[in-house]
Amino acid sequence: MQPYATARRLSAGLAANEFSAAELIDHYLSAINAANPRSNAFITINEAGARAAAAAADEARRQGHATALTGVPMAHKDIFCTQGVLTTCASHMLHNFVAPYDATVVQQLQNAGAVCVGKANMDEFAMGSSNENSAYGAVANPWSAAHVPGGSSGGSAAAVGAGLVPLATGTDTGGSIRQPAAFCGITGLKPTYGRVSRYGMIAFASSLDQGGPLAHDAEDAALMFSYMAGFDEKDSTSADRHDAWLAQIPEHGIGDLPGNLTIGLPTSFFAALDDTSHLDQVRRELEGLGHTCVDITLPNADAAIPAYYVIAGAEASTNLSRYDGVRFGHRCENPQSLEDLYERSRSEGFGEEVKRRILTGTYALSVGYFDAYYVKAQKVRRLISNDFISAFKQVDVILTPTAPGPAFEAGALTKDPVAMYQQDKFTVPVSLAGLPALSMPCGFAEGLPLGAQLIAPAFREDLILALARDFQRQTDWHTQHPQVAS
Ligand code: GLN
């Protein structure tokens, strides 16, 4: 089996009977079992479930019911509920939680015949930028074990980057698909808020959380995305959209761009980089494709990180109040009173970063501070959103770096949460505005991959997917892989 094969390549091989889904899953499971002690990309490897799903995929194909994903292996971030399979959210709080139902995204991919190999590691409750906040241990970057894979979807990105699966789900609240995609040398799409159902996706900050695909390239990301997207009446913020271009992806792939685009480069984002040479090269490549690049300003983007950490913390503090030791998850031994049950279950169950978010979020929502912090942060969010609305009057798409630099060394930022939060300064403004954005590989620094972020107006994932696909036809950053064997 060709290492680092795309999902499209595997799908073609399955359709041509070069191999069966059962043979494919054998190959991937042995690669995963061999790599996981070193990489720790998986919290749960679901061998039995994967083999059963592969056999069912082969049977569906025999009966003529195959889709483009039938028999294709993939991993789910351990934030998605999977019926009968452990869902921990990388927290001790949910160390024994087996969901009684599947998340909508899991269900949709399963209906398409995809084979879930297991649950990918992540930062606890998706809070982090390095995957070092997992109760199940850190994950190694496939390019260098001494470096982090990014977070919070670090296990998903590392698994794809190492060739252990061609596709993985991730979630992105402030950058958690895009930044790990950049650090692991792969392509990740954060869809428009509301595009992908949040039902069964464990909530962190509900007004920001969005699921999306991690893949080797834009075509594979689009393919997976087309099966993840769609209206879901079980998610109250799900968008009731029926875009024809999205429905055509499984059969025809990403469509053509409507014409040459105007691409905006926010000056302050570039000024914040030590070295812009890789992004300059992306700009030249895009100009070579016929597009026009212009400088733009997003004047309030600098306020995004403080506003995000107030809003996301506030929402997390309310969402995480459900973990009280009563109905599911961790419960302390011998509680002496109801108060004692709450206090000890929560103190024992949550890790340090999660507690920090609950405390700061509760503070921001408390009487006397609500207006000063939460309401003010919401106003900043509106200003940032308006900045994008103005920018998209002048340009079709925006290009920025995904992260301030390549993957950092494990342990380098763990003692300085604010420095860790700064990792997200280019991705968080987009999240606050609810816009779609993708990260694509665009070069290397010190042997580690770098990512470029493309941002589009709401529900125009088609523009950034097509632009990334065109860029990837001209470049080979996305086909370079680390030396680890798959
Ligand atoms: N790193 C950011 C945080 O810690 C974003 C996380 C995410 O997108 N889930 O909140």
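The values are calculated or read from the model by the stated rules, or taken from the named source; none is laboratory data. On a predicted model such as this, the values are computed, not experimentally measured, just so you know. Here the Cβ is made from the backbone with ideal geometry for all residues, glycine too, and neighbour counts use every protein chain on show.
In table form, for the structure just shown:
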| quantity | calculated |
| --- | --- |
| Test for ALA31: is it free of Cβ contacts under 8 Å to residues at least 60 places away in the same chain and either among the small types (Gly, Ala, Ser) or farther than 27 Å from SER130 by Cα (or both) | no |
| Failed criterion for LEU463 (all others in (1) more than 21 Å from GLN179 (Cβ to Cβ); (2) more than 20 Å from the chain's Cα centre (by Cα) hold) | (2) |
| Odd one out for ASN334 among (1) part of a helix (DSSP H, G or I); (2) away from the ligand (no atom under 16 Å from the Cβ); (3) among the polar types (S, T, N, Q) | (1) |
| Candidate set: segment 347-357, residues that are crowded, with 21+ Cβ neighbours inside 10 Å and more than 13 Å from the ligand (Cβ to nearest atom); chosen: the one farthest from the chain's Cα centre (by Cα) | GLY349 |
| Hey, SER129 within 15 Å of the ligand (Cβ to nearest atom), under 15 Å from GLN179 (Cβ atoms), in contact with a Gly (Cβ under 9 Å, 6 or more places away or on another chain) and not in a helix (DSSP H, G or I) or not | yes |
| Qualifying residue in segment 409-417 (condition: more than 17 Å from the chain's Cα centre (by Cα), part of a helix (DSSP H, G or I) and surrounded by fewer than 21 Cβ atoms within 10 Å (Cβ to Cβ)) | yes |
| Residue among LEU286, LEU279 that alone is over 30 Å from GLN378 (Cβ atoms), more than 16 Å from the ligand (Cβ to nearest atom) and within 23 Å of the chain's Cα centre (by Cα) | LEU279 |
| Tabulated pairs, segment 195-214, first farther than 15 Å from GLU461 by Cβ, second crowded, with 24+ Cβ neighbours inside 10 Å and at pLDDT below 95, C-beta under 8 angstrom, 6+ apart or interchain | none |
| Odd one out for MET1 among (1) closer than 30 Å to GLY325 by Cα; (2) aliphatic (A, V, I, L, M); (3) at pLDDT below 95 | (1) |
| ASP396 closer than 30 Å to GLY264 by Cα, touching a strand residue (DSSP E or B) at 6+ places or on another chain (Cβ under 9 Å) and in contact (Cβ under 8 Å) with a residue 12 or more places away in the chain | yes |
| Subset tally (residues that are touching a Phe, Trp or Tyr at 6+ places or on another chain (Cβ under 9 Å) and either hydroxyl-bearing (Ser, Thr, Tyr) or more than 15 Å from the ligand (Cβ to nearest atom) (or both)) for segment 200-212 | 2 |
| Some residue of segment 167-184 being away from the ligand (no atom under 16 Å from the Cβ), part of a loop (DSSP other than H, G, I, E, B) and of a type in the set (A, V, I, L, M, F, W, C) | no |
| Residue within segment 304-322 that is touching a strand residue (DSSP E or B) at 6+ places or on another chain (Cβ under 9 Å) and part of a helix (DSSP H, G or I) present | no |
| Some residue of segment 82-98 being of a type in the set (A, V, I, L, M, F, W, C) and closer than 18 Å to LEU167 by Cα | no |
| Answer from ALA21, ALA103 - the residue that is in contact with a strand residue (DSSP E or B) (Cβ under 6 Å, 6 or more places away or on another chain) and surrounded by 21 or more Cβ atoms within 10 Å (Cβ to Cβ) | ALA103 |
| Qualifying position, being aliphatic (A, V, I, L, M), within 26 Å of PHE125 (Cα to Cα) and surrounded by 21 or more Cβ atoms within 10 Å (Cβ to Cβ), among LEU341, LEU320 | LEU320 |
| Test: residue in segment 390-399 that is within 13 Å of the ligand (Cβ to nearest atom), touching a helix residue (DSSP H, G or I) at 6+ places or on another chain (Cβ under 7 Å) and in a loop (DSSP other than H, G, I, E, B) | no |
| Given (1) in contact with a strand residue (DSSP E or B) (Cβ under 9 Å, 6 or more places away or on another chain); (2) over 14 Å from ASP220 (Cβ atoms); (3) within 13 Å of the ligand (Cβ to nearest atom), index of the condition ALA158 fails | (3) |
| Residue match in segment 224-235 (condition: of a type in the set (A, V, I, L, M, F, W, C), at pLDDT 95 or above and within 16 Å of the ligand (Cβ to nearest atom)) | no |
| Residue in segment 246-255 that is among the charged types (D, E, K, R) and either on the phi > 0 side of the Ramachandran plot or surrounded by fewer than 13 Cβ atoms within 10 Å (Cβ to Cβ) (or both) present | yes |
| Residues being over 14 Å from GLY175 (Cα atoms) and either away from the ligand (no atom under 12 Å from the Cβ) or surrounded by fewer than 24 Cβ atoms within 10 Å (Cβ to Cβ) (or both) - total across segment 132-155 | 16 |
| Selected residue (only one of ALA205, ALA221 is among the aliphatic types (A, V, I, L, M), part of a loop (DSSP other than H, G, I, E, B) and crowded, with 18+ Cβ neighbours inside 10 Å) | ALA205 |
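Okay, residues lined up against (1) over 15 Å from the mean Cα position of the chain (by Cα); (2) outside any helix (DSSP H, G or I); (3) of a type in the set (Lys, Arg); (4) farther than 23 Å from SER226 by Cα:
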position: LYS425; (1), (2), (3), (4): yes, yes, yes, yes
position: SER431; (1), (2), (3), (4): no, no, no, no
position: LEU435; (1), (2), (3), (4): no, yes, no, no
position: SER439; (1), (2), (3), (4): no, yes, no, no
position: GLY443; (1), (2), (3), (4): yes, yes, no, yes
position: GLN453; (1), (2), (3), (4): no, yes, no, no
position: GLN472; (1), (2), (3), (4): yes, no, no, no
